[in-house]
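What follows is one structure encoded as structure tokens, with my remarks underneath.
The values are calculated or read from the model by the stated rules, or taken from the named source; none is laboratory data. All values reported here derive from a predicted model rather than from experimental measurement. Note that each Cβ is placed from the backbone with ideal geometry, even for glycine, and that neighbours are counted across all protein chains shown. Side chains are part of the model used for accessible areas, which takes the heavy atoms of the whole protein and leaves out ligands, DNA and RNA. Shrake-Rupley method; radii C 1.70, N 1.55, O 1.52, S 1.80 Å.
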There are 2 protein chains.
Amino acid sequence: MSLHTKILLEEHDIPTHWYNIVADMTTPPAPPLGPNGQPVPPEALGAIFPGAILEQEMSGERWIEIPEEVREAYRIWRPSPLYRAHRLERMLGTPAKIYYKNEAVSPAGSHKPNTAVPQAFYNKQAGITRLSTETGAGQWGSSLAFAGQMFGIAVRVYMVKISYQQKPSRRSMMQTWGAEVFASPSDLTKAGRDALAADPNNMGSLGLAISEAVEEAAGRADTNYSLGSVLNHVLLHQTVIGLEAKKQLAKVGDYPDMIFAPCGGGSNFGGIAFPFLADKAAGDAKAKNLRLVAVEPTSCPTLTQGVYAYDYGDASGYTPIMKMYTLGHDFMPPGIHAGGLRYHGDSPLVSQLYHEKLIEAVAVPQLATFEAGVMFARAEGVIPAPESCHGIRACIDEALRCKQSGEPKTLLFNLSGHGHFDMAAYDRYFSGGLEDFAYPKEAVTASLEHLPKVG
Amino acid sequence: MSLHTKILLEEHDIPTHWYNIVADMTTPPAPPLGPNGQPVPPEALGAIFPGAILEQEMSGERWIEIPEEVREAYRIWRPSPLYRAHRLERMLGTPAKIYYKNEAVSPAGSHKPNTAVPQAFYNKQAGITRLSTETGAGQWGSSLAFAGQMFGIAVRVYMVKISYQQKPSRRSMMQTWGAEVFASPSDLTKAGRDALAADPNNMGSLGLAISEAVEEAAGRADTNYSLGSVLNHVLLHQTVIGLEAKKQLAKVGDYPDMIFAPCGGGSNFGGIAFPFLADKAAGDAKAKNLRLVAVEPTSCPTLTQGVYAYDYGDASGYTPIMKMYTLGHDFMPPGIHAGGLRYHGDSPLVSQLYHEKLIEAVAVPQLATFEAGVMFARAEGVIPAPESCHGIRACIDEALRCKQSGEPKTLLFNLSGHGHFDMAAYDRYFSGGLEDFAYPKEAVTASLEHLPKVG
């Protein structure tokens, strides 16, 4: 048995290919549909995405090569360490073995650069000189700012105005990496100007920021748009997490019984889970009883309470419609601190796998996630992001069940990011200022009435 | 030639012993003196430090064993990676090879836990259940809070009131790790109460916070005091940095021509420099021309403009006096953002080595350090702490001299911490709100008139 705390890989162990789960799905993914109800042809999205990204979005190939330039940029923080959480196990008194993949070690502090880097690279390669994107709390904007800087590509971030004002550190981080950051709604786009004309005090929303970023990309030949979750190519890029984790566990002769990851748009969960699902698909005996658990907030329980239907990806209905679990595109989730999990929908790939019962989902309330985050920080040192606390909570709950049953299960979770820019949320937790939100059933019911009609 | 970006070591490569430079100094260090002008006997400090720490403070042994419990806690983040800064080299167009040791990867975000962990361990071993300390900007308080949590020892932090109000994230970080944090001056100590009686609006100072922490430790049998820099045992613990860096450079067949590190109290500089100085002392041919450069702020230029004399370690004159470079203990440095470098004195060991011309020093102005920090962040990803920007500035300046001269020197600097909690300083830099402070000659001259009389 290894007594390692960290299980490290060398740079030559960075995966050479991303894993595309579409190749192993028994039913082909349902296509995104346009306003005419027909599948959207890739060319229709050519105004905002480069060809290489669109190809990946539609690809059925099992392995897609990672360009050498991307692997070189990955070396700044990859392979990320896999930790054996000895101290957390002792604190819980569990016979379970707990491992976590530490994605907080990237410069931006989360798993998001895993896809920001290739997106910047492919756009650069396509002759694009500017990228536009939106950001809420700032994790994704930071990651794209960093990635743009790596490849000499300018980045414009439309940051939801309330976050722009409340999280100046994230804004300064993006500026340090050379990005331009604008509070959204801004007067730079028609969408922004219209919103400001209707209400000069509009504090912004993610949906509106998306509209501004897309409008800018659609209107300029030198500019493309970049998205940080939900889409197939984003989840594809994130599979470096699970591919490395498999290699690291093999190094110490172990394999998980259960895997946990927070699930908002789905890229964090898909990133760690899909490469293990590949083992299941291949009929690998050691994966026979493997369970994969997506963890979402009780207040925004897309998989556990939503419906599996075609819906818009954004709040305003500008995007193609996608088949996914959704709470309705005009559902506004309560103001929990895990901003990355406040999304009405979910990745179409994750949604289909959940629908086919190949993965599981569980919803956890906010206070319990912070309790788990503090336990983890005290045991293991790293202070987790509020999103990550969701995966930790579900993993701790399972470890405590193992304590009851005496089962020495092997558990793995994805530590998707650190909480250095979320300490105000911890502060509110300590001072008793945080609350739990019940499942907002009525709001969801109302929102589901506005699902787009298909066919 | 290696094309590595990161040069990693395994956990079994964590040093088994700290290196004590005292064993290799030609003149024994000048002893600290008490109020009677006589050397302070170790026992006199027994009320606030455990025996094992006092032994290390006075030791002349070359190698001091690192307890297994400390090595186990080190595994959370050690060995820290050594980076080859390929991208920075390309950005500068220099023929120099630039390496940096990344100490920002610790949970607290800097090199400080390297000594906080053994200090907590030795105190726990001595039956101490509480530690008191002071913190200015919060780096040291965070590190001791983390270390105390690792060993089940309670930590009380007196945080300078202005920082307590301006840096709530650092405070929440300490609380997440279970520490109690009080704004200093507080009403918990006589020193605090006296200060508040004289001025209810007193916003605190590091000197006053030290007085509160020391008073609490001196007055309670269960409580000891812990210091994060300056003293011999602190620099001893930090030598894990340089010991690992030597092993990492050897792994790629390299050795530095010059080493740079910021220097405030001296533990960061001593930590990376001393193990290389050992090679010089041993007459190792490859170290013959090695130059070690301590980098300090123009506004607080202790080594480059101070005098080598006995002076108090704190502002109020409560500590024993130590032989060191000093600007006078009542010199109040201008308000630069590198709070860790705003110290009137310097480590007695670093001071003596500088006096003996075994190391060099250079002073750099604030704006140039932020310029260097931004260049570094854009090239290498990590956003450095303002203190770390000083070492980076001096290293970049040398790399640019190499560009002029064509010399392919090997340069190494210590990236002592990340700047996640210092983004407000970057923000001020970008918005033009930061200034350079000239060397405050008159204030220093006045302060030097108050040096204690010796003999």
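Things to note:
- Checking residue B:271 against (1) open to solvent by less than 30 Å² (accessible area, probe 1.4 Å); (2) touching a helix residue (DSSP H, G or I) at 6+ places or on another chain (Cβ under 9 Å); (3) more than 20 Å from residue B:143 (Cβ to Cβ); (4) part of a helix (DSSP H, G or I), the condition it does not meet: (3)
- Scanning the range B:3-22 for residues that are open to solvent by less than 50 Å² (accessible area, probe 1.4 Å), more than 19 Å from residue B:68 (Cβ to Cβ) and over 21 Å from the mean Cα position of the chain (by Cα), we see that the one that is farthest from the other protein chains (Cβ to nearest Cβ) is B:7.
- Pick from the range A:20-44, criterion modelled with pLDDT of 90 or more and assigned to a helix (DSSP H, G or I), ranking: farthest from residue A:320 (Cα to Cα): A:24
- Scanning the range B:399-417 for residues that are open to solvent by less than 10 Å² (accessible area, probe 1.4 Å) and either basic (Lys, Arg) or assigned to a helix (DSSP H, G or I) (or both) yields B:399, B:402.
- Conditions (1) open to solvent by 10 Å² or more (accessible area, probe 1.4 Å); (2) closer than 26 Å to residue A:431 by Cβ: number failed by residue A:358: (2)
- Scanning the range A:375-398 for residues that are open to solvent by 10 Å² or more (accessible area, probe 1.4 Å) and at the interface with another protein chain (Cβ under 10 Å from one of its Cβ atoms) gives A:378, A:382.
- Screening the range A:121-137 for residues that are open to solvent by less than 30 Å² (accessible area, probe 1.4 Å) and out of contact with any strand residue (DSSP E or B) (no Cβ under 7 Å at 6 or more places or on another chain) and picking the one that is farthest from the other protein chains (Cβ to nearest Cβ) gives A:122.
- Those residues of the range A:59-118 which are within 14 Å of another protein chain (Cβ to nearest Cβ) and hydroxyl-bearing (Ser, Thr, Tyr), in sequence order: A:74, A:80, A:83, A:100, A:106, A:110
- Here residue B:304 meets the list (1) over 23 Å from residue B:23 (Cβ atoms); (2) of a type in the set (S, T, N, Q); (3) surrounded by 23 or more Cβ atoms within 10 Å (Cβ to Cβ) almost entirely, failing just condition (3).
- With respect to the stated conditions, residue B:108 is open to solvent by less than 20 Å² (accessible area, probe 1.4 Å), more than 20 Å from residue B:20 (Cα to Cα), out of contact with any Asp or Glu (no Cβ under 9 Å at 6 or more places or on another chain) and of a type outside the set (Ser, Thr, Tyr).
- Whichever residue in the range B:418-450 is within 12 Å of chain A (Cβ to nearest Cβ) and assigned to a helix (DSSP H, G or I) and, among such residues, is most open to solvent (accessible area, probe 1.4 Å): B:428
- Against the test of being farther than 21 Å from residue A:47 by Cα and more than 13 Å from chain B (Cβ to nearest Cβ), the options A:191, A:198, A:213, A:179 yield a single qualifying residue, A:198.
- Single residue of the range A:163-186 satisfying the filter (in contact (Cβ under 8 Å) with a residue 40 or more places away in the chain and of a type in the set (Lys, Arg)) that is surrounded by the most Cβ atoms within 10 Å (Cβ to Cβ): A:170
- Residue in the range A:143-158 that is within 23 Å of residue B:105 (Cα to Cα) and more than 20 Å from the chain's Cα centre (by Cα) present: yes
- Subset of the range B:206-226 [assigned to a loop (DSSP other than H, G, I, E, B) and either among the acidic types (Asp, Glu) or open to solvent by less than 30 Å² (accessible area, probe 1.4 Å) (or both)]: B:222, B:226
- Number of residues in the range B:101-136 that are over 22 Å from residue A:385 (Cα atoms), among the hydrophobic types (A, V, I, L, M, F, W, C) and either more than 14 Å from the chain's Cα centre (by Cα) or at pLDDT below 95 (or both): the value is 6.
- Scan of the range B:324-362 for residues that are of a type in the set (D, E, K, R) and either more than 17 Å from the chain's Cα centre (by Cα) or over 22 Å from residue B:385 (Cα atoms) (or both), ordered by number: B:330, B:356, B:357, B:360
- Any chance residue B:146 is surrounded by fewer than 24 Cβ atoms within 10 Å (Cβ to Cβ) and not hydroxyl-bearing (Ser, Thr, Tyr): no
- The number of residues in the range B:187-205 that are touching an Asp or Glu at 6+ places or on another chain (Cβ under 8 Å) and surrounded by fewer than 22 Cβ atoms within 10 Å (Cβ to Cβ) comes to 4.
- Among the conditions (1) modelled with pLDDT of 95 or more; (2) outside any helix (DSSP H, G or I), residue A:249 misses just one, which is (2).
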